[in-house]
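I have placed the structure first, in the form of structure tokens, so that the comments after it can refer back to it.
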Amino acid sequence: MTDLDLTRGLNPAEKDAMRQALAELAGQTGFAFDQVFDALAEGQSLLEALHLPKEVTDLLYAMAFARFNAGDVGTAQSLFLALTLIAPEIRDHWLGLGICLRRLQEYETAQSAFLKAEAIAPDDPAVLFHLTELTCQLRNWSVAQGYLNRFVALPETAARLRLIPEMRKLALAIEAQQQSQAKGRR
């Protein structure tokens with residue numbers, strides 16, 4: 001299930017009109033657009049509504065990861081975006097999208113993707129790392145400090161321990177900026 005509600009903001013007449021138009025399109029094309037619409041309106045993910053096997057997301061994720069590692073960030077971004085549409089409840093899809101967007105210097109959209117990942121997994125070390133890194137890059141030092149504090153408070157897990165060296169670098173940058181700001185106030 002997903003929190004995607006395609007009918008949000010539509011009044012009942014608009015919803016019926018949309019469903020009827022999709023039913024007509026289904027009759028013309030042979031594809032059950034209206035049934036997919038109904039499934040999405042009931043809260044199913046696109047993956048569920050299209051009756052796609054879970055392996056589709058695994059394959060797309062592997063492709064997106066491979067494209068990113070090959071330096072084809074634009075294609076990786078498109079694949080991660082598709083993943084967020086067909087399986088929006090998976091944190092890694094939003095993280096991958098955010099990482100691509102940050103690399104493409106689309107910082108506000110990257111932040112939105114990271115915040116969606118945070119909504120799914122608020123205590124995930126990787127999510128907090130990427131949010132800290134982006135907010136440092138955006139020079140939003142107080143927000144970065146907040147993410148850093150949340151990371152430090154997490155229990156020691158393998159995922160957290162792997163990220164400690166990178167978070168230390170960010171902590172030094174935050175501390176240096178805070179010292180610089182304190183000197184400027186004197």
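The values are calculated or read from the model by the stated rules, or taken from the named source; none is laboratory data. Everything numeric in this text was worked out from a predicted model, so none of it was measured. For neighbour counting, all protein chains shown are included, and Cβ atoms are generated from backbone atoms with ideal geometry for every residue, glycine included. For accessibility, only protein heavy atoms count, side chains too; no ligands or nucleic acids. Shrake-Rupley method; radii C 1.70, N 1.55, O 1.52, S 1.80 Å.
Quick notes on this structure:
- Only residues that are under 10 Å from the mean Cα position of the chain (by Cα) and among the polar types (S, T, N, Q) were counted in region 93-140, giving 3.
- Region 29-41 - residue that is open to solvent by 60 Å² or more (accessible area, probe 1.4 Å) and in a helix (DSSP H, G or I) and, of those, farthest from LEU83 (Cα to Cα): THR29
- Entry remark, region 82-105: residues being surrounded by 16 or more Cβ atoms within 10 Å (Cβ to Cβ) and at pLDDT 95 or above number 12 in total.
- Remark: pairs (first residue in region 110-128, farther than 12 Å from THR84 by Cβ; second residue among the hydroxyl-bearing types (Ser, Thr, Tyr) and open to solvent by 20 Å² or more (accessible area, probe 1.4 Å); Cβ separation under 6 Å; 6+ apart in sequence or on different chains) = LEU128/TYR147.
- Residue in region 65-80 that is among the basic types (Lys, Arg) and open to solvent by 80 Å² or more (accessible area, probe 1.4 Å) present: yes
- Restricted to region 82-124, and to residues there that are polar (S, T, N, Q) and part of a helix (DSSP H, G or I), the residue that is farthest from ASN149 (Cα to Cα) is THR84.
- Within region 155-186, the set of residues being more than 14 Å from TRP141 (Cα to Cα) and over 25 Å from the mean Cα position of the chain (by Cα) comprises LYS183, GLY184, ARG185, ARG186.
- On the stretch given as region 44-59, residues that are in a loop (DSSP other than H, G, I, E, B) and modelled with pLDDT of 80 or more total 6.
- Region 143-154: number of residues that are under 21 Å from the mean Cα position of the chain (by Cα) and open to solvent by 40 Å² or more (accessible area, probe 1.4 Å): 2
- When LYS169, LYS116, LYS183 are checked against the criterion of being surrounded by fewer than 15 Cβ atoms within 10 Å (Cβ to Cβ) and at pLDDT 95 or above, LYS169 stands alone in meeting it.
- Residue in region 42-51 that is loosely packed, with under 15 Cβ neighbours inside 10 Å and in contact (Cβ under 8 Å) with a residue 40 or more places away in the chain present: yes
- Filter result for ILE99 (more than 22 Å from LYS54 (Cβ to Cβ) and touching a residue at least 12 places away in the same chain (Cβ under 8 Å)): yes
- For region 125-140, residues that are open to solvent by 30 Å² or more (accessible area, probe 1.4 Å) and either assigned to a helix (DSSP H, G or I) or among the acidic types (Asp, Glu) (or both) total 2.
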